[in-house]
Amino acid sequence: MRRLWISAAVIAADQVSKAMVTSRMDLGESVPVLGSFFKLTYILNPGAVFGLKLGGQALHLLFAIIALGLVATLLYRTPASERAGSIGLALVLGGAVGNVIDRLAIGAVVDFLDFGTNGYRWWVFNIADASVTTGAALLVLSYAILNRPEDRKDGAEDAPEPEAGDAVGDRSNE
């Protein structure tokens, strides 16, 4: 259950930051923080990730709720000993909840973190988006790199693969 504190912290930071932006900035307003490299730019994103429009708002909300259920189930089933995977799932869960709150409350997601240089800008995003991205990276790290058979600490090894020509269940060589 400690992992849920991570999700709760993400939700709180996301919602507080969005409330500060919406109460102090006008929609479409952009305030330089570090010159043109980093600005606070208040926009509403009615679409999916990176502003993609894959149907209406109801479809985005439905997909988000299904994803929440899947991530929550994975988090519940992931042993706490798998720290990177657990933290990754908790970050994804917190970020997803933060954006679903926006979709339910105003029908779009509040975005405001705006980075770019030399005329190139990244998509404007928020703390929830950053948490989902960081969590996904931790999941990739956890499942693709840290859980390789040669890196396991429990001594478990994968069963040897049958040699060419061997039939499954063939015991004639024994």
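Contact map, segment 1-16: residues that are closer than 16 Å to residue 102 by Cα paired with residues that are hydroxyl-bearing (Ser, Thr, Tyr), Cβ distance under 7 Å, separation 6+ or inter-chain. Pairs shown: 10/131. Considering the conditions (1) hydrophobic (A, V, I, L, M, F, W, C); (2) modelled with pLDDT of 90 or more; (3) out of contact with any Ser or Thr (no Cβ under 8 Å at 6 or more places or on another chain), residue 64 is excluded by exactly one of them, (2).
Residues of segment 103-120 that are surrounded by fewer than 22 Cβ atoms within 10 Å (Cβ to Cβ), modelled with pLDDT under 95, under 15 Å from residue 42 (Cβ atoms) and of a type outside the set (Gly, Ala, Ser): 106 alone.
Determine which member of the set 173, 147 is polar (S, T, N, Q), surrounded by 10 or more Cβ atoms within 10 Å (Cβ to Cβ) and modelled with pLDDT under 90.
Working: 173 fails: surrounded by 10 or more Cβ atoms within 10 Å (Cβ to Cβ).
The conditions single out 147.
Matching residues to (1) in contact (Cβ under 8 Å) with a residue 60 or more places away in the chain; (2) assigned to a loop (DSSP other than H, G, I, E, B); (3) within 21 Å of residue 144 (Cα to Cα):
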residue: 40; (1), (2), (3): yes, no, no
residue: 47; (1), (2), (3): no, yes, no
residue: 68; (1), (2), (3): no, no, no
residue: 79; (1), (2), (3): no, yes, yes
residue: 89; (1), (2), (3): yes, no, yes
residue: 97; (1), (2), (3): yes, no, no
residue: 110; (1), (2), (3): yes, no, no
residue: 115; (1), (2), (3): yes, no, no
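Scanning segment 99-108 for residues that are in a helix (DSSP H, G or I) and not aliphatic (A, V, I, L, M) turns up 99, 102, 103.
Output the residue which, of all residues in segment 1-42 that are of a type in the set (A, V, I, L, M) and closer than 23 Å to residue 118 by Cβ, is nearest to the chain's Cα centre (by Cα).
Step one: list which residues in segment 1-42 are of a type in the set (A, V, I, L, M), which gives 1, 4, 6, 8-13, 16, 19-21, 25, 27, 31, 33-34, 40.
Now restrict to residues that are closer than 23 Å to residue 118 by Cβ: 31, 33-34, 40.
Working: 31: 27, 33: 26, 34: 26, 40: 21 Å.
Once the filter is applied, the top-ranked residue is 40.
In segment 121-131, of all residues being assigned to a helix (DSSP H, G or I) and aliphatic (A, V, I, L, M), the one that is surrounded by the most Cβ atoms within 10 Å (Cβ to Cβ) corresponds to 128. Count of segment 17-38 residues, restricted to those that are assigned to a helix (DSSP H, G or I) and free of Cβ contacts under 8 Å to residues at least 60 places away in the same chain, is 4.
The values are calculated or read from the model by the stated rules, or taken from the named source; none is laboratory data. Please read all numbers here as calculations on a predicted model, not as lab measurements. Every residue, glycine among them, receives a Cβ derived from its backbone with ideal geometry; neighbour counts consider all protein chains shown.
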